[in-house]
Amino acid sequence: MLLHPIDRPEARDLRRWARSLYWRGWGVTQAVEEINRVGEVFPDWRPLKRSTVESWKQRDKWDEEAPIRAAEECLIVRFQQLVAKESKTGGDFKEIDLLGRQIERMERCRKYRQTGNEADLNPNVERRNAGPKKPKRPNLIDAEMAAQLIEAFEDECFEYQLTWWEARNQRTRFILKSRQIGATWYFAREALIDALQTGRNQIFLSASRRQADIFRRYIVEFVFRVTGVMLKGEHLLIDRGDDPETGQPLERPTLFFLGANYRTAQGEHGNFYYDECFWAQDFETTDDVASGMASQKRYRETYFSTPSTIAHEAYKKWSGEKANEGKPKADWTKIDLYAEGLRAGTLGADGIWRHKVTIEDAAAGGCDLFDIDELRRRKSPDVFDNLFMCEFVDDTQSAFPLALMNRCRVDTFESWRDFDAFALRPFGNGEVAIGYDPQESAQGDDAALVVVALPTAKGGRYRVLEKLRLKGGYEVQAEAIFRMMARYNVVDIAIDKTGAGSAVYQLVVPRFPMVRGFEYSAPLKSLMVLKAKHIITAGRLQYDAGDKDISASFMSIRPELTKSGRQLTYVASRSGDTGHADVAWAIMHVLYNESFDGELGGQKSTVEIY
């Protein structure tokens, strides 16, 4: 028998009873009549007024409740009615089970609205996440991501870079370029796109491992910016996803970043890119070994560099002389290095595609990153032509020819285990000296500051740890010296006091009383050059092989007679502009403190910055 609602204690709650009837579709008047009909059997019953129920409806905002709340009320009432029956049929039990499951579902909905946790709504989610997770595939760039990278790559190239892209299938490319026109930036992206499209390995050769890492940084930044994927690994193994037809993983290419050392640049296979090859040591040996990595016909070779000197070994490859070696003269090929076709790219008879891009060509190709007129004002004509117009230097008259400077170039990433450029104290408590050369050039060259690690024993090596080019007033430049004093254990400072250097010297003296000051003269400069040549010839000066500007700075120094014709001095360009060798002179300021017998001169002092 179904118990009448009025027999239940909770039915005495008329307000709740009226709300339940209203949510089940009864009108206010109908609900009042139904409640009065059931309640009049009680002797103490007082008829319920319609205005009372209407007041409850307005104050409790029955119409504003969520529909699910009304549904819950209906389910609970029906569930209670069926449970209260004394004799239940099979249909009643089925309905009770159905209503119970619906009430449970609504409770999950209520909890989800409070927490927002999907597992509260669907328990299968929690069970799914509780199991062992499938490992995420590292360095995954699928077809959709690759399409995004290709689109971004093509949109961001200048015209001359698109010329390189069109010639990407040439077996061998050799590009002579201006400084800072984005060749490393471009070829890092080109290699990535080729790896994604073909699955071929890519090998980057640079003068040093630290310079090779520039390629890696460009690639990692590009992929993360476009796709959000952070590539990881010393060498980047790219996962191209699965073949849509077979479901099997596609060929996974690796991008290798190597220093141009013929002892280590071998063993891998793939397209290879030789960065700044005109500044490489042992180019012929390294090239013979490294180019073997691209021996298979499906691989490509790319050489690109700013010019150094015509005496460099790479010049033979650029000029075509290398292809003529060992051949009868009748079979020699001639390459016109001054042909107009080089500006558009041309394939030579030796099978090498050559392209020459000066800063003016880059500007004509859409590169608006330079103020060419301002650069011409700052640089002497011969320096400007070498840096930006792809003209080679004749270093036969230089006091420091490239062949001599190559003895100083090392792969610091491999050789200097006691130096970490990114640490708060890059050289720990190791003793260093600071050399400073002020801004003296009529063309407005920068001042130069170098930090040089001192040898720990007689006959030891000097190592150029850090170099800065400085602009601004003397206070700004003195502050740069103080910052280096905070980073390193500085025991010696040497400053050229000529011109603006005098003000910097006066600011440094109170902080470092043992600072050495120079006032240049022809005899002093000659002694500095002789001292530096002695140390360099002995192989006792080292700097990173990727620091081409240090080599160029020394190479620009040449002997010249003074105006009187009685003394020999040294200048830094044909125009007599001494400012272009600023880094070289800053280094020589440090080297000059050593006596000719190899003993470090002067007293040492240590300044602690708190």
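The values are calculated or read from the model by the stated rules, or taken from the named source; none is laboratory data. None of these values were measured; they are calculated from a predicted model. Quick reminder, even Gly has a Cβ in these numbers, built from the backbone with ideal geometry, and neighbours come from all protein chains shown. Areas reflect the complete protein model, heavy atoms only, side chains present, ligands, DNA and RNA absent. Shrake-Rupley method; radii C 1.70, N 1.55, O 1.52, S 1.80 Å.
Numbers below:
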item	result
Selection within segment 412-436 - of a type outside the set (Lys, Arg) and surrounded by fewer than 12 Cβ atoms within 10 Å (Cβ to Cβ)	418, 422, 423, 424, 428, 429
Single residue of 433, 423 found to be out of contact with any Asp or Glu (no Cβ under 6 Å at 6 or more places or on another chain) and not β-branched (Val, Ile, Thr)	423
Segment 355-397, residues that are of a type in the set (Gly, Ala, Ser) and open to solvent by 60 Å² or more (accessible area, probe 1.4 Å)	364
Contacts under 8 angstrom Cβ, first residue in segment 567-583 being closer than 16 Å to residue 435 by Cβ and open to solvent by 20 Å² or more (accessible area, probe 1.4 Å), partner modelled with pLDDT of 75 or more and part of a helix (DSSP H, G or I), 6 or more apart	578/585
Matching residues, segment 543-566, being polar (S, T, N, Q) and either in a helix (DSSP H, G or I) or crowded, with 21+ Cβ neighbours inside 10 Å (or both)	551, 553, 556
Complete set of residues in segment 522-537 that are more than 38 Å from the chain's Cα centre (by Cα) and open to solvent by 50 Å² or more (accessible area, probe 1.4 Å)	523, 527, 530, 534
Subset tally (residues that are of a type in the set (A, V, I, L, M), over 21 Å from residue 275 (Cβ atoms) and crowded, with 18+ Cβ neighbours inside 10 Å) for segment 230-259	0
Members of segment 492-521 found to be without any contact (Cβ under 8 Å) to a residue 60 or more places away in the chain, open to solvent by 60 Å² or more (accessible area, probe 1.4 Å) and charged (D, E, K, R), listed by number	519
Candidates 540, 487 - the one that is within 29 Å of residue 417 (Cα to Cα), open to solvent by 50 Å² or more (accessible area, probe 1.4 Å) and at pLDDT 90 or above	487
Residue list for segment 570-593, restricted to those being at pLDDT below 90 and either among the acidic types (Asp, Glu) or under 20 Å from residue 394 (Cβ atoms) (or both)	570, 571, 572, 573, 574, 575, 576, 577, 578, 580, 581, 582
Members of segment 302-345 that are small (Gly, Ala, Ser), surrounded by 12 or more Cβ atoms within 10 Å (Cβ to Cβ) and in a loop (DSSP other than H, G, I, E, B)	308, 311, 320, 339, 344, 345
Residues (assigned to a loop (DSSP other than H, G, I, E, B) and open to solvent by 10 Å² or more (accessible area, probe 1.4 Å)) located in segment 179-198	179, 180, 182
Index of the failed condition, residue 482 passing every other in (1) at pLDDT 95 or above; (2) buried (at least 17 other Cβ atoms within 10 Å of the Cβ)	(2)
Test: residue in segment 444-451 that is in a loop (DSSP other than H, G, I, E, B), small (Gly, Ala, Ser) and either surrounded by fewer than 20 Cβ atoms within 10 Å (Cβ to Cβ) or modelled with pLDDT under 95 (or both)	yes
Residue count for segment 347-401, restricted to those that are closer than 17 Å to residue 558 by Cβ, assigned to a loop (DSSP other than H, G, I, E, B) and of a type in the set (Asp, Glu)	2
Failed condition for residue 352, given (1) buried (at least 16 other Cβ atoms within 10 Å of the Cβ); (2) over 31 Å from the mean Cα position of the chain (by Cα); (3) over 30 Å from residue 155 (Cα atoms)	(3)
Residue selected from segment 46-64 under the condition hydrophobic (A, V, I, L, M, F, W, C) and within 12 Å of residue 14 (Cα to Cα), by the criterion least open to solvent (accessible area, probe 1.4 Å)	53
Answer residue from segment 275-311, given it is among the β-branched types (Val, Ile, Thr) and within 26 Å of the chain's Cα centre (by Cα) and is modelled with the highest pLDDT among those	302
Residue in segment 109-118 that is part of a loop (DSSP other than H, G, I, E, B) and modelled with pLDDT of 70 or more present	yes
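Table: residues versus (1) of a type in the set (Phe, Trp, Tyr); (2) modelled with pLDDT under 90; (3) within 30 Å of residue 171 (Cα to Cα).
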residue: 350; (1), (2), (3): no, no, yes
residue: 359; (1), (2), (3): no, no, yes
residue: 367; (1), (2), (3): no, no, yes
residue: 371; (1), (2), (3): no, no, no
residue: 380; (1), (2), (3): no, yes, no
residue: 387; (1), (2), (3): no, yes, yes
residue: 390; (1), (2), (3): no, no, yes
residue: 396; (1), (2), (3): no, yes, no
residue: 405; (1), (2), (3): no, no, no
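Table: residues versus (1) closer than 30 Å to residue 18 by Cβ; (2) in a helix (DSSP H, G or I); (3) modelled with pLDDT of 75 or more.
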{"site": "94", "(1), (2), (3)": "no, yes, yes"}
{"site": "102", "(1), (2), (3)": "yes, yes, yes"}
{"site": "129", "(1), (2), (3)": "no, yes, no"}
{"site": "132", "(1), (2), (3)": "no, no, no"}
